[in-house]
1. Inspect all residues belonging to region 152-160 and state whether any of them is out of contact with any Pro (no Cβ under 8 Å at 6 or more places or on another chain) and surrounded by fewer than 13 Cβ atoms within 10 Å (Cβ to Cβ).
2. If Pro249 satisfies every condition in (1) surrounded by fewer than 17 Cβ atoms within 10 Å (Cβ to Cβ); (2) touching a residue at least 24 places away in the same chain (Cβ under 8 Å); (3) more than 30 Å from Ile29 (Cα to Cα) but one, which is the exception?
3. Of all residues in region 76-103, how many are more than 23 Å from Tyr155 (Cβ to Cβ) and in contact (Cβ under 8 Å) with a residue 40 or more places away in the chain?
4. Which one is modelled with the lowest pLDDT, of the residues in region 53-107 that are assigned to a strand (DSSP E or B) and among the basic types (Lys, Arg)?
5. Does Asn194 satisfy the condition of being in a loop (DSSP other than H, G, I, E, B) and either under 28 Å from Gln128 (Cβ atoms) or among the hydroxyl-bearing types (Ser, Thr, Tyr) (or both)?
6. Out of region 122-161, which residues are assigned to a loop (DSSP other than H, G, I, E, B) and either free of Cβ contacts under 8 Å to residues at least 12 places away in the same chain or within 30 Å of Cys40 (Cβ to Cβ) (or both)?
7. Kindly indicate which of Thr119, Thr166, Thr191 is under 30 Å from Val21 (Cα atoms) and without any contact (Cβ under 8 Å) to a residue 60 or more places away in the chain.
Amino acid sequence: MKFIIKYVLVLAITLVCDGLVDIEKYLKICDRNSEDVNDCLLEAAQEGLAVLANGIQDLDVPSIDPYNQKDLRIEYKNNQIYAKFIAKNIYVEGLKESTVHDARLRADEDRFHLELDLTTPKINVRGQYAGEGRYNSLQIQANGEFITNMTDLVYTWKLDGVPEKTENGTFVRITDFYMRPDVGDMKSTLTNENPDSKELTELGNRFTNQNWRLLYRELLPYVQTNWNKIGSRVANKIFLKVPYDQLFPAKY
């Protein structure tokens, strides 16, 4: 039995490394040297969102709608204000309803850069949390569930990568994923199971929703670091398993 399991694992790894996964079953392929490559990528990206929403099992690509993140930790300090927020079992929904408006590619033998302009009508984020906050001598601890709804998002995905030559071919390693969404509106709700601070929960919810733009700007660098890790990791599930010349062939 152990021999059979090892054989199956070796065969699966070999198929992926040899580029035998037919990526065209899942994603539209565009010639990186074509004059119409950006138009092709616009269509490919729009179709790809629907595919990636369910994930690609052959490449171990997870579902991105809903996308499940096990945990997220944020620690914020600013003068007398201190906040620590630990979220678990996070689900993000709404990405598959996005519209891709434009695509721009710069790709050659030494570098890879892709930009996609998108809008998303609504994103829902929910999960469990535990947190604490301090302001001067006031200290609060809370835990429960959170829900955040964002609407009318406008943003650009920027992916940077480096082609790497291996014995199995050339693959692009995505080194950086960047986005900074402009958000039309945001509403958040937190429950609190801590009886010592439960009465302050509604006050905290009102403060958050009345001042969400300021809070969003303050916390954006922290969540951008998280998006960079997630975006790079998900992208590399594809880019490091499918050869560069299969993902973005250079026919001309």
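1. no
2. Single failed check for Pro249: (3).
3. 8
4. Lys77
5. On the way: in a loop (DSSP other than H, G, I, E, B): yes; either under 28 Å from Gln128 (Cβ atoms) or among the hydroxyl-bearing types (Ser, Thr, Tyr) (or both): yes.
Against the criterion (in a loop (DSSP other than H, G, I, E, B) and either under 28 Å from Gln128 (Cβ atoms) or among the hydroxyl-bearing types (Ser, Thr, Tyr) (or both)), Asn194 qualifies.
6. Hit for region 122-161 is Ser137, nothing else.
7. After ruling out the rest, the residue left standing is Thr166.
The values are calculated or read from the model by the stated rules, or taken from the named source; none is laboratory data. Since we're looking at a predicted model, the values are computed, not measured. Cβ coordinates were reconstructed from backbone atoms using ideal geometry, including for glycine residues, and neighbour counts include every protein chain displayed.
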